[in-house]
Amino acid sequence: MDLDQALWEMWKSMDVPQGYRVEIIEEKLTVSPTGGTRHFTVNRRLGRALHDHLSGSGYGPAQDGNVIAGLKVLIPDVFVAPDDTDETEHPEGLGLLASGIPLVVETVRPGVEARERDHVLKHRAYAAAGIPVYVIIDDHDDGGAVTVLTGPDPERRAYATSTRVPYGKEAVIPEGPAKGFVIGPEITGERRG
């Protein structure tokens, strides 16, 4: 059994304590806590706004669900998924296949490890999975910033385009079902720190 398969089997058998999540990122089981009040508030605002924007599109927002690419498991803070998940459901019912997810969002928690996970490790993982749009909401990026990444290159595990917008301005989703959706002060608040 190779490492990816072993990690997959371990992940499937884990009993994760409440308040934590386990992902398979870059040949590692990664355990992280769920976010605090600020994290929850931003994600809740984002989910509500996405729900309104996507109404009638056949897509909707979801939170903290398993997005599976091969034997990798990612749990975005918020993501957009088809309303009808028959085509995108993992064969074992363990989550949704990354190939059917047009947009993922990570809201960065405090700490160096959290920033590295969302800006580096998850950047590579989401690009490798071919997810068209990856958004990073980061209170800790020079007073706060929203970064929108598009044009995934699975071979290079990188996105071709990165647009960073400081808090207080509006970041716009450029493509997919959420095209035209704005992430601005109503979701992030104003500049912090």
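The values are calculated or read from the model by the stated rules, or taken from the named source; none is laboratory data. Nothing here was measured: the structure is a model prediction, and the numbers come from that model. We place every Cβ from the backbone using ideal geometry, glycine too, and count neighbours over all the protein chains shown.
Name the residue that is modelled with the lowest pLDDT, counting only residues in the stretch 47-66 that are farther than 18 Å from GLU175 by Cβ and under 14 Å from the mean Cα position of the chain (by Cα). Full working, then the answer.
Step one: of the stretch 47-66, the residues farther than 18 Å from GLU175 by Cβ are 47-48, 51-52, 55-56, 62-66.
Adding the requirement that they be under 14 Å from the mean Cα position of the chain (by Cα) leaves 47, 62-66.
Details: GLY47: 97, ALA62: 96, GLN63: 92, ASP64: 81, GLY65: 93, ASN66: 96.
Among them, the one singled out is ASP64.
Which of the residues belonging to the stretch 1-46 are under 24 Å from ARG157 (Cβ atoms) and touching a Ser or Thr at 6+ places or on another chain (Cβ under 9 Å)?
Selection gives ARG21, VAL22, GLU23, ILE24.
Please indicate, with yes or no, whether at least one residue in the stretch 23-34 is of a type outside the set (Lys, Arg), under 26 Å from GLY180 (Cα atoms), surrounded by fewer than 14 Cβ atoms within 10 Å (Cβ to Cβ) and touching a helix residue (DSSP H, G or I) at 6+ places or on another chain (Cβ under 7 Å).
Within the stretch 23-34 (the criterion being of a type outside the set (Lys, Arg), under 26 Å from GLY180 (Cα atoms), surrounded by fewer than 14 Cβ atoms within 10 Å (Cβ to Cβ) and touching a helix residue (DSSP H, G or I) at 6+ places or on another chain (Cβ under 7 Å)), the answer is no, since none of the residues qualifies.
Within the stretch 139-152, restricting attention to residues that are touching a Phe, Trp or Tyr at 6+ places or on another chain (Cβ under 7 Å) and assigned to a strand (DSSP E or B), which residue is nearest to VAL67 (Cα to Cα)?
The residue in question is PRO152.
Of the conditions (1) closer than 26 Å to SER32 by Cβ; (2) surrounded by 15 or more Cβ atoms within 10 Å (Cβ to Cβ), GLU116 satisfies every one except a single condition; which number is it?
It is condition (2) that GLU116 fails.
If we keep just the residues of the stretch 26-76 that are in contact with a Lys or Arg (Cβ under 8 Å, 6 or more places away or on another chain) and β-branched (Val, Ile, Thr), which is nearest to GLY100 (Cα to Cα)?
Filtering the stretch 26-76 for residues that are in contact with a Lys or Arg (Cβ under 8 Å, 6 or more places away or on another chain) and β-branched (Val, Ile, Thr), the one nearest to GLY100 (Cα to Cα) comes out as ILE75.
Can you pull out every residue in the stretch 72-106 that is of a type outside the set (A, V, I, L, M, F, W, C), more than 22 Å from GLY151 (Cβ to Cβ), touching a strand residue (DSSP E or B) at 6+ places or on another chain (Cβ under 7 Å) and touching a residue at least 24 places away in the same chain (Cβ under 8 Å)? Even if it seems obvious, please write down each step before you answer.
The initial filter retains those residues of the stretch 72-106 that are of a type outside the set (A, V, I, L, M, F, W, C), namely 72, 76-77, 82-93, 95, 99-100, 102, 106.
Narrowing further to those that are more than 22 Å from GLY151 (Cβ to Cβ): 83-87, 89-93, 95.
Cutting the leftovers down to touching a strand residue (DSSP E or B) at 6+ places or on another chain (Cβ under 7 Å) gives us 83, 85, 89-90, 95.
Within the stretch 72-106, ASP83, HIS90, GLY95 meet the criteria.
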